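Values in this text are rule-based calculations from the coordinates and carry no lab data. Here the structure is a predicted model, which is why all the values come from computation and not from measurement. Cβ placement follows ideal geometry from the backbone for every residue including glycine, while neighbour counts extend to all protein chains displayed.
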Amino acid sequence: MIVGVIGSGGREHAICEILVRSKKISELYCFPGNAGTAKIAKNVDINTDNFENLKNYILDNKIELIIIGPEKPLVDGLVDYLENFKIKVFGPNKIASQLEGSKIFTKKICKKYQIPTANFGIFKNTKDAREFLKNSGYPIVIKADNLASGKGVYICENFEESYSAVKEIFDGKFGEANDILIEEFLNGEEMSFFIVSDGISIQNFGTAQDHKRVLEGDKGKNTGGMGAYSPSRLINAELEKKILNKVILPTLKALKEIGTEYKGFLYAGLMIVKNEPYLIEYNVRMGDPECQTILPKLDSDLLEIFLACCDKSLKDTKVKWNNKKSLCVVLCSKGYPDKYKKNVEIENLNKIKLDKLDYLFHAGTKVRDKKIFAIGGRVLNFVTLSDKFANARKIINKHLNELNWNNGFYRKDIGYKVIDE
Ligand code: AMP
Ligand code: GLY
């Protein structure tokens, strides 16, 4: 079968790497891919915002299945567009993608279906928000409604901070200023919970915890994710049941009731407070680096799962996992998430000797004249499966020392809650 993956991050390299285990794949394309996907797929340098060019390439090359990794093409309606041309696509449609594209869309569903979430208010202008903030308790959370790559969320300790956040959002920092969300601060521990769905039934797709902050001890600026581990230390059978019954299933029912359905990965960002789940946000895709952390644990054929979702036969499809612990550490360019140098060569990659349970997924990398260059903030993902998280981190550190990349940095404390306590 000829398959294409859209995206260029660690998530997409992991998807490609696990997909090519399937004997049914005859050719794999990645749009636009990175230096890692180049080794196992044909990278196609095409602007994925240009749906028409993309569609023409897919039809010309007889690609039979497309998997969409990142949120932007999903929220922009690429699934609906390609399906109009009878192309098989794994990913949610434009309406269902509002779960990530609009935080207010999700909050309204939470309210109607009594899905546990932080109490909230929706504000249309600075004046009303200011009045509310003058009399509220702190900390408080302010969110832009738009897709903001994780940056549109402010945790504010006092009135001044919250008012300046409101002004920034309404001044258009995250694009055209929509309404804003002000919500209660939830005090608990976060967990990422994943399912895959064919529109009729669902299957669990693992749990993880990522580290979003740039500095050790979970301090400093928010990033796309500096590392992750799977499974989450919080998951247990009772909590899993609550997450499915109180959060996931009511959400899928809500989508049905507005006349649509959910096909693809769904990622619930949860705050767990005393073994009770509260929904913080939905993402309509796998997480990055959670995907790199979870997928190597899969013991079933990933292509079969994608096809079953498109053909509505997920119920009869096996999704099996090994019970290893998985840890992922992200190597970034110095300066990330602010300014960093681009086109810096990464030498020594051939010095890293990966064992069977080790993976090295590329993110912001490019091949030129057989050399590999860093072109992004997050550059490489080191993943190891082991019986113990501590052991996985030791092996990853060994690999990072072997690479010894001058222009890079990484967090040495990924997984500290499951290792040091
Ligand atoms: P989001 O983009 O909605 O996932 O928010 C980014 C981060 O902000 C989350 O991963 C949480 O750490 C934090 N956060 C968001 N909403 C809340 C909340 N209501 N209470 C506490 N922390 C929150
Ligand atoms: N790791 C967080 C995300 O993918 O949104």
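Among 188, 132, 228, which residue has its Cα positioned farthest towards the positive end of the charge dipole of the range 102-234, with +1 placed on the Cβ of Lys and Arg, -1 on the Cβ of Asp and Glu, and the dipole taken about the Cα centre?
132
Considering only DSSP states other than H, G, I, E and B, which chymotrypsin sites (Phe, Trp or Tyr not before Pro) in the range 71-112 qualify as loop sites with at most 13 other Cβ atoms within 10 Å?
Passing sites in the range 71-112 are 85.
Take every Cα pair under 8 Å in the chain that's 6+ residues apart, average their separations, divide by the length, and report that relative contact order as a whole percent.
16 percent
Sort 217-226, 319-328, 360-369 by the packing proxy (mean of other Cβ within 10 Å over each peptide's residues), most packed first.
Order by mean packing, descending: 360-369, 319-328, 217-226.
Using only Cα positions of the chain, each an equal point scatterer, no hydration layer, compute I(q)/I(0) via Debye at q = 0.10 Å⁻¹ and quote the log10 values to two decimals.
For the chain at q = 0.10 Å⁻¹, log10 I(q)/I(0) is -0.68.
Can you show me the helix-derived [θ] at 222 nm for the chain, built from DSSP H runs with n ≥ 4 at -39,500 (n - 2.57) apiece and divided by the number of residues, rounded to the nearest 500.
The per-residue figure over the chain is -7500 deg cm²/dmol.
Once you keep just the Cα pairs under 8 angstrom separated by 6 or more residues, what percentage relative contact order results for the range 26-91?
23 percent
Report the label-to-label distance for residue 357 and residue 216 in nanometres (one decimal), using points 7 Å from each Cα along the Cα→Cβ vector.
Rounded to a tenth, the inter-label distance reads 2.5 nm.
Mind jotting down the three principal axis lengths of the range 149-282 based on Cα atoms? Whole angstrom, largest first.
45, 38, 25
Strictly over 20 Å apart at the Cα level, which of 42/366; 107/219; 324/417 would you flag in this model?
Flagged as over cut-off: 107/219.
Ratio of the range 57-118's C-alpha Rg to 2.2 N^0.38 Å, to two decimals?
Its radius of gyration relative to the 2.2 N^0.38 Å reference: 1.39.
Compute the distance from the alpha-carbon center of the range 1-64 to that of the range 223-293, in whole Å.
26 Å
Kirkwood hydrodynamic radius, the range 300-421, all distinct C-alpha pairs: what's the number in Å?
16.3 Å
Between the alpha-carbon centers of the range 316-346 and the range 67-136, tell me the distance in whole angstrom.
One Cα centre to the other: 26 Å.
So how far, in whole Å, is the C-alpha centre of the range 370-389 from the one of the range 150-187?
Result: 33 Å between the Cα centres.
For the range 349-421, just the Cα atoms, rotate onto the principal axes and tell me the three extents in Å, largest first.
Sorted largest first, the three principal extents are 45, 25, 17 Å.
Suppose each label sits 7 Å from its Cα in the direction of the beta carbon; what would the residue 369-residue 313 distance come out to in nanometres?
5.1 nm
Principal axis lengths of the range 270-347 from Cα atoms, whole Å, largest first?
Sorted from largest, the Cα extents of the range 270-347 read 48, 38, 26 Å.
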